[in-house]
Each structure stands twice: as C-alpha cells, then as structure tokens.
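What follows is a short report on a single structure.
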Amino acid sequence: MSERTFVVGVGMTKFDKPGTKVGDYPDWAKEAGEKALADAGVPYDSVEQAYVGYCYGESTSGQRAVYGLGLTGIPVVNVNNNCSTGSSALYLARQAVRGGLAECALALGFEKMEKGSLGVKYTDRTNPMDKHVTSMFEVRAPEASPPAPQMFGNAGREHMERYGSTADHMAWIGWKNHKHSVNNPYAQFQDEYSLEDVKAAKMIHDPLTKLQCSPTSDGSAAVVVASERFVDEHGLWDRAVEIAGQAMVTDMASTFDEGSCIKIVGYDMSREAANRAYEEAQLGPEDVQVVELHDCFSANELITYEALGLAAEGEGHQLVDSEDTTYGGRWVVNPSGGLISKGHPLGATGLAQCSELTWQIRGQADKRQVEGVTAGLQHNIGLGGAAVVSVYRRAA
C-alpha cells in the first residue's frame with residue numbers, strides 16, 4: 001500500500017533579474033533550503049534523500065547546492081527536465097516517500113541564468129527540440145523571433161484562428177498576472193501595468209508583447225516532503241498539506257502528428273497529466289479554488305485553462321471575458337504573479353508554485369490570500385518534454 005504524502009515545509013528566495021542577485025547558486029539554495037526546513041520544524045539530518053533540479057550548471061551542481069545545508073552522506077539526485085525541472089524533483093521526492101523508500105525527502109531547485117531569451121547551448125549534437133521545431137515549421141513558416149515565444153505565440157495564433165480568441169484576451173492574462181505580483185515580495189516584478197501598457201509593450205512574437213513573456217531569472221525554492229508516519233511522529237499536522245494526486249506525462253504521438261502548434265507546446269501532455277492527477281486525488285477542477293499554472297507566455301495560460309479542464313476545449317477565452325481567473329472569479333490563477341511576473345528560474349519554478357499553493361491552503365499568503373481555500377492545482381511544463389500536474393488539499 002502506498003503512503004500518503006505531505007508537504008511539510010516550503011521556502012524560496014526572491015527571484016531576481018540575472019546578474020543582479022547577491023551571491024551564487026549555493027547561497028540561494030542554502031537560503032531556500034533553510035527556510036523550508038525551518039518551516040517544517042525539522043533539521044537537515046531528518047532528510048533521507050534529496051532531489052535537486054537545475055537546467056544550467058555542471059554535473060554535480062546539485063550536490064554543491066545542498067552541501068550548505070549539511071554533509072550527511074545522503075543520496076543527492078541531479079534533475080533536469082527543462083522548465084518542469086522543479087516539479088520533476090518534487091515528483092521524485094514524493095515517489096520515494098510514497099513508495100516507502102524514505103520518510104522525509106527534500107526537493108530543491110535553483111537557477112543562475114544568462115540575460116536574454118533562451119538559446120541553444122550545444123551546437124555539435126542533436127537539439128532535443130528538433131522534432132518540435134520541425135513540426136512547427138511544417139505548419140507555420142519560420143520567423144526571426146526567439147524560439148520559445150515563437151512556439152507559444154504560434155499556439156496562440158492557432159487558438160485565435162480556430163476558436164475566435166483575440167490578442168486582447170492574451171494581453172488581459174499578462175495584465176492580470178502583473179497585477180497579482182504586486183502583493184508578492186518574492187516576485188521579480190512587482191509593478192502594476194494598465195492593459196494598454198501590456199498591449200503597447202515591445203512585440204516579441206505576435207500576439208505576445210514583452211509584458212506577456214516570462215523573464216529569465218535567478219533564484220531558488222525548496223520543499224520538504226514527508227510520509228504520514230513522519231508527520232505523526234513529529235507533530236506536523238498543523239503545517240502539513242497533502243499531495244493528493246500527481247502525474248508526470250511526456251510527449252505522445254499527437255504532439256507531432258496532428259499539425260497543431262497547440263499540441264506541439266504540450267497541450268495533450270498537460271491534459272493527460274491533469275486527468276491522472278485528478279483521478280488519484282478523487283478531485284476535479286471544480287473542487288479547487290487556486291491554481292498555479294505554467295504561464296511562460298500568456299498564450300500558454302489560455303490554452304492550459306482548457307487542458308486542465310477549467311474550460312471546455314476552445315472556450316478558454318470565455319474565462320477571460322468573465323474574469324473568472326482572478327480574485328472574485330471562479331478560480332484565482334497565478335496569485336503569485338505566475339512566471340510572467342514572479343519570474344522563471346527554470347529549476348526553481350515548480351517548487352515556487354508548490355510553495356505558493358502551500359501558503360494558500362494554510363491561509364498564510366498575506367495580501368495574496370484567496371478566500372476559502374481547501375485545495376489547489378499546480379501545472380508545470382517543459383518542452384522537449386514533460387508536464388507535471390499536482391493536486392494539493394488540506395491534510396485530514
């Protein structure tokens with residue numbers, strides 16, 4: 001019988017523009033890890049395994065990142081799954097605890113990034129995105145814009161052509177997430193913009209302006225995962241949040257075979273992962289009040305409304321029309337500001353999402369607090385590809 005698993009501690013650094021953050025990745029990992037352990041009220045000696053995620057670094061940067069927390073000889077596994085790296089580390093930590101291999105595990109993620117749009121690091125070998133890019137260019141001609149916004153922007157164009165959404169719908173999502181981040185002290189950006197500001201910002205790949213694109217960021221986040229037995233023995237029920245359902249899904253044939261830019265950027269992965277997580281949790285989208293989803297670009301938030309079952313396929317923009325994804329609506333999506341405004345240090349993003357949902361479910365989100373939260377939903381995706389969806393609920 002598998003163990004029930006709980007988040008008992010979370011912590012993160014502020015996310016900052018690359019090159020402006022004091023210190024180096026071991027300093028940030030130490031800060032995030034110490035915060036998570038302090039939040040859990042347990043020492044690092046209690047951690048039996050650590051899963052450390054990052055995309056840009058040397059082969060054992062994960063060990064170096066956690067050595068500042070202690071030198072206890074535990075297994076440290078380095079994790080890299082593109083933008084879903086943080087939640088992939090969480091998935092592995094939960095798997096170890098759920099399978100009875102550890103009572104307490106740490107998932108930690110960090111990133112030290114370069115300025116500007118993401119590029120290719122290694123040009124002497126097959127690019128892991130070659131199938132995605134080739135499939136996209138079979139549908140839409142190449143343009144001069146950076147690869148990531150081009151892929152997600154093209155998905156946005158497809159949604160507009162198929163279903164009647166508009167550039168204004170996507171601009172509203174950017175406006176919403178910047179507005180939410182005003183109340184997040186951890187966010188890279190804490191400025192509120194008007195909808196006109198968002199629409200008038202520099203065009204990156206039509207319909208996506210700069211204020212609808214996530215930035216590169218430096219920072220770290222950490223989560224302590226524990227078994228029911230560990231929670232009981234250490235008296236942690238007052239802070240425990242159950243990971244009630246979780247699934248990771250990678251690309252399927254439909255990603256490439258259907259000539260759809262929406263599918264190429266992971267729609268089917270997200271939908272399948274959500275369905276599996278809902279099934280395990282025995283909860284549905286109607287049962288959650290708060291959602292942290294992977295808004296690397298506003299177009300992806302729009303199509304992910306549909307993948308997660310918040311709206312029917314082709315109707316995501318109706319949630320924008322009814323303002324159902326902000327305070328006062330059916331759900332609050334990305335109260336943290338999301339990737340667009342909180343920032344996106346790739347290895348830390350999924351764990352920052354988990355931190356926000358944990359605070360929301362505990363009622364500790366300060367000015368961002370959503371009323372009456374009993375359950376939350378997390379979506380984290382990395383092209384190339386992996387989608388991780390997690391359902392959280394109050395511990396019972």
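Coordinate-derived values only; no laboratory data. Just so we're clear, the structure is a prediction, and the values are computed from it rather than from any experiment. When we count neighbours, we look across all protein chains shown, and the Cβ atoms used for this are built from the backbone with ideal geometry, even at glycine.
Taking trypsin sites (Lys or Arg not before Pro) that fall in a DSSP loop and have at most 10 other Cβ atoms within 10 Å as cut points, what is the longest piece of the chain between them? Result, exposed sites excluded: 203-396.
Where both partners of a DSSP beta bridge lie in the stretch 291-396, what percent of those bridges are antiparallel, to the nearest 5? In the stretch 291-396, approximately 75 percent of DSSP beta bridges are antiparallel ones.
Summing Lys and Arg as +1 and Asp and Glu as -1 over all other residues whose Cβ lies under 14 Å from the Cβ of ASP324 gives a net charge of -4. Which pairs, out of LYS112/LYS367; LYS115/LYS176; LYS263/LYS367, put more than 27 Å between their alpha-carbon atoms? Beyond 27 Å: LYS112/LYS367; LYS263/LYS367. By how many degrees, 0 to 90 and rounded to 10, does the Cα axis of helix 346-362 deviate from the longest principal axis of the chain? Value to nearest ten degrees: 70. All Cα-Cα distances of the stretch 55-174, cut into 10 Å bins from zero to the largest, leave 10, 28, 27, 22, 11, 1 percent in each bin in turn. Counting only aspartates and glutamates at least 8 places from LYS35 when in the same chain, those with an alpha carbon closer than 20 Å to its own are ASP16, ASP24, ASP27, ASP45, GLU48, GLU103, GLU111, ASP218, ASP238, GLU242, GLU356, ASP366. Given axes a ≥ b ≥ c from the Cα gyration tensor, I'd like to know whether the stretch 8-57 is rounded (a/c under 1.5), prolate (a/b larger than b/c) or oblate. Prolate shape, in that a/c is at least 1.5 and a/b is the bigger ratio.
Around the Cα centre of the stretch 1-50, unit charges on the Cβ atoms of Lys, Arg, Asp and Glu (plus for the first two, minus for the last two) sum to a dipole of about 260 debye. Angle of helix 267-281 to the longest C-alpha principal axis of the chain, folded into 0 to 90 degrees and rounded to 10: 40°. Using C-alpha pairs below 8 Å separated by at least 6 residues, the relative contact order for the chain is 26 percent. Taking GluC sites (Glu not before Pro) across the stretch 21-108, the ones in a DSSP loop with at most 10 further Cβ atoms lying within 10 angstrom of their Cβ are GLU58. Would you please classify the overall shape of the stretch 274-396 from the alpha carbon gyration tensor, given that a ≥ b ≥ c denote the square roots of the eigenvalues, rounded means a/c under 1.5, and beyond that prolate means a/b larger than b/c while oblate covers the rest? Taking the square roots of the gyration eigenvalues as a ≥ b ≥ c, the stretch 274-396 is rounded. Taking GLY33, GLY314, GLY116 as the candidate residues, the one with maximal mean-square fluctuation in a Gaussian network model of the chain, Cα springs under 10 Å, is GLY116. Only one of (i) 24.1; (ii) 17.7; (iii) 18.8 was calculated from the structure for mean projected area of the Cα convex hull in nm², and its label is (ii). Between the stretch 291-321 and the stretch 345-393, the alpha-carbon centres lie 16 Å apart.
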